[in-house]
1. Inside region 180-210, can you point out the residues that are surrounded by 13 or more Cβ atoms within 10 Å (Cβ to Cβ) and over 28 Å from THR105 (Cα atoms)?
2. If you go through region 165-179 one residue at a time, how many are in contact (Cβ under 8 Å) with a residue 12 or more places away in the chain, of a type in the set (Phe, Trp, Tyr) and over 12 Å from THR105 (Cα atoms)?
3. Which residue is nearest to SER36 (Cα to Cα), if the candidates are limited to region 148-166 and must be open to solvent by 40 Å² or more (accessible area, probe 1.4 Å) and not basic (Lys, Arg)?
4. Are any residues in region 32-43 of a type outside the set (A, V, I, L, M) and either under 18 Å from VAL179 (Cα atoms) or crowded, with 17+ Cβ neighbours inside 10 Å (or both), and if so, which ones?
5. Looking only at region 80-104, which residues are in a loop (DSSP other than H, G, I, E, B) and under 18 Å from LEU57 (Cα atoms)?
6. From LYS108, LYS182, LYS203, grab the single residue that is more than 20 Å from the chain's Cα centre (by Cα) and in contact (Cβ under 8 Å) with a residue 12 or more places away in the chain.
7. For region 102-115, how many residues meet the condition of being open to solvent by less than 30 Å² (accessible area, probe 1.4 Å) and aliphatic (A, V, I, L, M)?
8. Would you say ILE82 is under 11 Å from the mean Cα position of the chain (by Cα), open to solvent by 20 Å² or more (accessible area, probe 1.4 Å) and either at pLDDT 95 or above or more than 17 Å from PHE32 (Cα to Cα) (or both)?
Amino acid sequence: MELEHAPNEKGHKEISPLLKLALELGPLLIFFAANSKGERIIEMFPALSVVGQPIFLATAAFMVAIVISLGVSYSLTRQLPIMPLVSGIIVLVFGGLTLYLQNDTFIKMKPTIVNALFGSILLGGLFFGRSLLGYVFDSAFKLDAKGWYKLTLRWGIFFFVLAIINEVVWRNFSSDFWVNFKVFGVMPITMVFTILQLPLIQKHSLSENN
């Protein structure tokens, strides 16, 4: 199977890494805070009781935060990042079902579906000889074709691992445990996995002159 040329794009407006991190993780932290402090928030603002239990309040807050995050990102860069956009659309769809049906199963299934979708897209792209991860990361770094292939393969498998982990957790533990694990479990796991890819990135990095 022949690899495509390394997909390094240029010309996009960039924002600071810290702001980008805040825009991507902010909605998740709001989801966690609204769930953990949900009862107290509802006591302070009785009108919010119409949404039901804290997990539903957290879901509503998550949906609003996602929209705001995407709006700010677009206003700053005039484009929407692929992964947050897809994830945001699924949050709105499954969050809406969660609130309408008062069933938190839908929002709990969201990570499974998103991760399985991303894993399928990345591994499917490799099957057709395209390392799609390069387009997701834009100009964050530049790798040769072989490097993009290896990195895409690893991330594709990792997304499926995250999907399986989410299924195990939400089906066997409480809603509070699941929310806490999303923030304090999945985030550290993802950060460790990302750090472990640095040797591969360094090995296959292209110089600015290439």
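The values are calculated or read from the model by the stated rules, or taken from the named source; none is laboratory data. Since this is a predicted model, take the numbers as computed values, not measurements. Reconstructed Cβ throughout: ideal geometry from the backbone, glycine too, with neighbour counts over all protein chains shown. SASA here: full protein model, heavy atoms, side chains in, ligands and nucleic acids out. Shrake-Rupley method; radii C 1.70, N 1.55, O 1.52, S 1.80 Å.
1. GLN197, LEU200, ILE201, HIS204, SER205, LEU206
2. 0
3. ILE165
4. If the condition is that a residue be of a type outside the set (A, V, I, L, M) and either under 18 Å from VAL179 (Cα atoms) or crowded, with 17+ Cβ neighbours inside 10 Å (or both), then PHE32, ASN35, SER36, LYS37, GLY38, GLU39, ARG40 are the ones that fit.
5. Result: GLN102, ASN103, ASP104.
6. The unique qualifying residue is LYS203.
7. The total comes to 2.
8. yes
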